[in-house]
Each structure stands twice: as C-alpha cells, then as structure tokens.
Amino acid sequence: MYAFHLPLRLITRASFSNYTVRADGFLSTLNQVKHTAPLLSSLEALWMAYYKWMDNDVLATGILSFVIHQLLYFGRALPWYIIDHLPYFNKWKIQDQKLPSAQDLRDCVTYVLFTHFTVEVAQIWLFHPLCEHFGLRISPPFPKWQEMLPQLAIFFIMEDTFHYFAHRLLHYGPFYKYIHKRHHRFSAPFGLAAEYAHPIEVIVLGLGTVGSPILYTAITGNLHLVTVYAWIALRLFQAIDAHSGYDFPWSLNKFIPFWSGAEHHDYHHQNSNNCYSTSFRWWDYICGTDKKYRAHRQLQAIKKLTNKAE
Ligand SMILES: [Zn+2]
Ligand SMILES: [Zn+2]
C-alpha cells in the first residue's frame, strides 16, 4: 500500500487539481484514475494507471517500449513465416523458391534476440530521459489522428533520408566487411531477417528511427509518446515487409509508385548494390543508385513477355 499525488499534468481533463490516491494494485490504481479523471478514454486511463502503478517513469517507458517492440516484431514476422509454408503464395516470391532453412531461421531468431536483449535494452532505457529532456509529452490526453498523420509522414521522410546515406556508408570497405556484411548473410531475405544485423548497425540505423522524433520534438516542442509508438510500429512493419521476399499485386508499391517495398529491397539483398533506401525510391533515383536495379527489372519484364509470346 502506498500513497502518491496525481501530478497536475496527468489530470488535465479532470475536474480537480490536487488529489491523493491510495492504491495497492493495478486494478485499484485504474479504478482510482477512472474515478478522479472521468473524461479520459479507456486507453488513456489504462496508460495513466500504468505509469502511476509503476511509479517509475523511466522503468515504465523502458518496459513498455521493449514489450511493444517484441510483440510487433515477432507478431508481424509470423504471417510471413506462415506464408513461406503455403505453396499457394510461391508464385509471388521474388527470388523463385528460395526459402530460409530451419538452420537459417534458428540463427536469425537467436541473433535478433541477442541484439534485442543487449543493445536495444540499453537504447530503450535511455529513451525516457531523452524524451523528458526534449519535452516529449507522455501524459494524457493522447493526440488526435489529425495531429499524428503529418508527424508520421515527416518521420518517414526523415528516417528514409538518414537511412539512405548511412546505409551507403555501411557499404564502404571496412564498414561493410566488419559490420554490414552480417545483414547481407541472407541474399534472399525473409520477414524475420529485418533486424538481423551487427550491434553497431542496430545502433547506427536505429538513430534514424529514434532520432527522427527526438529531433522533431527538439525543433517543434510538440510530440506525444503515443505518436512515437505509432511511428515505430509503422517503421517495423515497413522493414519486415521489405524483407518478406514477396511482391503481391496488392503490395503498397502498386498503389504508391515511390514506395520501395520488398520488390526494391529484395534486389539490394540479391546483389549487394543499388537500392539503399528504406521506405521511398526517390534517393536511389536522384543519386543514380537504382540504374542496375531498373535495367534488371526491365530485362525480367521483357523475358516474361517473350516467354508468353512463344
Ligand atoms: Zn535488408
Ligand atoms: Zn546493405
């Protein structure tokens, strides 16, 4: 049993300004929050109760970030693992029948978990102090989707730009040999291989994902942690899908022509050159690092047409 005060910033939509709550468990804390801040939505009340119950914001954000990351990463990779085992989907596999072996999958999961529990745990633990330093909002109310959408679009553009140039640097001599080569172990990638990378690469490229919202907050002073989680979820989905090895007629790049998708990144793994970007195709186009890729795809299309005509 412990007592604490709800800080003013957490009860912006409540009808009081200073209230003492006694709680001895999560449900009890949640009930107190609902009672004292009735205008909060269920999710906002859950969020607020979690932070009050944890009573340690750094630990609360650290654990929440870690759990969300694990659930999203393995949760999103699972459908691709299932698709790999369904022959119906083979016709959309970019590199014919090249599927990961059981050993590949074991090696990949072991190494990804190793980086999650070492490098990323440290990064995640630093996250809350960084957010506080730059003034990121953590308490309810959550931002509206109209506020989140443009911010998410800006993060995609910022991360893609950073990733393109950092990724090109990782292909330079010793950087490739000692760091980035690990990510290129799988020349025919699969969903789970998205974060199969050397710890230094995880830190360097992670800067683009975490650094973009931090820089945005430093400049604008307006960002909520929930938007950062939404961004990380979308970025994870983008990375896993880009490594899936499948290009469907309903893939996003069929509707948004400048979206990279698996069709673009798969070529990068197959040839270790060209197509360095993550989400968008424009940097490769502007810098001319997609010429071989486009020539290759053109040749494939001509071959397909010729085979049909015969
Ligand atoms: Zn990759
Ligand atoms: Zn690469």
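Readers should treat all values here as calculations from the given coordinates under stated rules, not as data from a laboratory. This structure is a prediction, so every number in the text was calculated from the model and none was measured. Positions of Cβ are generated from backbone atoms using ideal geometry, with glycine treated the same way; all protein chains shown enter the neighbour counts.
From the convex hull of the Cα coordinates of the range 205-310, what is the mean projected area in square nanometres? Provide the component values of the computation, followed by the final result.
Working: hull surface 33.6 nm².
That works out to 8.4 nm².
Taking each of LYS93/LYS292; LYS91/LYS303; LYS181/LYS254; LYS254/LYS304; LYS93/LYS144; LYS91/LYS177 in turn, the alpha-carbon distance tops 28 angstrom for LYS181/LYS254; LYS93/LYS144; LYS91/LYS177. Between the alpha-carbon centres of the range 142-184 and the range 227-262 there is a gap of 13 Å. Please report the projected area of the range 14-153's Cα convex hull averaged over all directions, in nm². The directionally averaged projection comes out at 12.9 nm². Under a 5 Å amide H cut-off, with hydrogens placed 1.01 Å from N, PHE280 pairs with SER260 among residues at least 5 apart or on other chains. The alpha-carbon of LYS34 sits under 14 angstrom from the alpha-carbons of these aspartates and glutamates, leaving out residues fewer than 8 places away in its chain: GLU44. From least to most packed, judged by other beta carbons within 10 angstrom and beginning with the fewest, TYR111, TYR285 follow the order TYR285, TYR111.
Fewest-first ordering of CYS275, CYS287 by other beta carbons within 10 Å of each residue's beta carbon gives CYS287, CYS275.
Taking amide H atoms as placed 1.01 Å from N in the peptide plane, the amide H of SER272 has no partner under 5 Å among residues 5 or more positions away or on other chains. Couplings 3J(HN,Hα) of the range 172-185, computed from phi: 7, x, x, 4, 5, 4, 9, 10, 6, 4, 4, 5, 8, 4 Hz, in residue order, whole Hz [Karplus 6.51 cos²θ - 1.76 cosθ + 1.60, θ = phi - 60°; x for Gly and Pro].
Remark on TYR246: its backbone amide H falls under 5 Å from those of ILE94, a criterion applied only to residues 5 or more positions apart or on other chains, H modelled at 1.01 Å from N.
Along the range 130-135 the Karplus relation, 6.51 cos²θ - 1.76 cosθ + 1.60 evaluated at θ = phi - 60°, assigns HN-Hα couplings of 5, 4, 4, 4, 8, x Hz to successive residues, with x for each Gly and Pro. Stokes-Einstein diffusion for the chain, with the hydrodynamic radius set to the Kirkwood value over Cα pairs and evaluated at 20 °C in a medium of 1.002 mPa s, equals 99 µm²/s.
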